[in-house]
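Here is the structure we will look at, set down as structure tokens.
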Amino acid sequence: MGVAAAPIERGLSGYPAGAARNARAVPATFREAWEERVEHEVDGLRVPFLGRATLLKNKRAVGRPQDLADVDALETGSAGKKDYPKR
């Protein structure tokens, strides 16, 4: 008999418990984010994304190490310039 996977506890949001804890730290309101959104076409669909200012504001507010590293990379212009190994 196999080992059953432990169920994931879900909060009211439908996400795993604790997953949305950082959402409370985000200072941008939905209205701000919507007004400053940018849209790009993905597979023939227009998809809204956070604008740069809102993205940076949110990443600073959440404050996780990766978010702060992302802020640094976006502000110094090194985002997306990672050297990937050649295959």
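Values as computed for the structure displayed
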read-out	value
Per-peptide average of other Cβ atoms within 10 Å, ordering 41-50, 59-68 highest first	59-68, 41-50
Relative contact order (percent, whole number), the stretch 25-76, Cα cutoff 8 Å, 6+ residue spacing	34
Point-charge dipole on Cβ atoms (K/R +1, D/E -1) for the stretch 25-76, about Cα centre, debye to 20	200
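Quick note: the coordinates plus some simple rules give every number you see, no bench work behind them. Predicted, not measured: the structure shown is a model, and the values here were computed from it. Note that each Cβ is placed from the backbone with ideal geometry, even for glycine, and that neighbours are counted across all protein chains shown.
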